[in-house]
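The structure appears below as structure tokens.
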Amino acid sequence: KLCARHPNIKVVIDHLGKPRTLLGADTIENTNTTLDEAELAVWREGMKSMANNDNVYVKISMLGYAIPGWVRTPEKIQLMKGLVKETVGMFGPNRCMVATNFWKNAALSDADGLSDIGPEPLHLIELLYGFLKDDHSEEDLDRMFCRTAAEFYGISL
């Protein structure tokens, strides 16, 4: 409601809206490949509500917060692909920004301590590009990987 009352103020949601540990902890014992539907429903409701406001943007970053260790298996990578595509579907390329969030190392930058693994920045960008390239034009990809952030933050290119 706050964002709707102030449509001239831009707001950015970080880290894919932070759905938390949708598959549970990143442990060897955890072989779960079914997303936590209750947590996912809460995330979807909040993200759809925020997406209704044209002044709200989202960063596609720190993906390991949602699925710690998501780069360990092809199954987890596919689940992440679905979350990324769903987010872009809600907000559109004009309000999505790809970000590496790389501040210390791959694991901490990706999962904030929830996993001991994460993609290096170049690998992350390659994965995200692979997730999005088949469904979006070069112009849309340019927006998500560069121009949306530049416009949001007032950076001249």
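The values are calculated or read from the model by the stated rules, or taken from the named source; none is laboratory data. Bear in mind the structure is a predicted one, so any value in this text is a computation, not a measurement. Areas reflect the complete protein model, heavy atoms only, side chains present, ligands, DNA and RNA absent. Shrake-Rupley method; radii C 1.70, N 1.55, O 1.52, S 1.80 Å.
What to note about this one:
- Alpha-carbon centroids, the stretch 1-23 and the stretch 61-87: separation in whole Å: 19
- A 1.4 Å probe run over the chain, with the rest of the protein chains in place, finds 53 Å² accessible per residue.
- Restricting the calculation to Cα atoms, the stretch 1-151 yields a radius of gyration followed by a Dmax of 15.0, 48 Å.
- Mean residue ellipticity at 222 nm, helices only, the chain: -12000 deg cm²/dmol; runs of at least 4 DSSP H residues each add -39,500 (n - 2.57), and the sum is divided by the number of residues.
- Partners for LYS1 among aspartates and glutamates (Cα-Cα distance below 19 Å; same-chain residues under 8 apart left out): ASP14, GLU45, ASP54
- Taking the C-alpha atoms only, the angle from helix 74-91 to the longest principal axis of the chain is near 20 degrees.
- With all protein chains in place and ligands, DNA and RNA left out, the 1.4 Å accessible area ranks LYS133, LYS1 as LYS1, LYS133, largest first.
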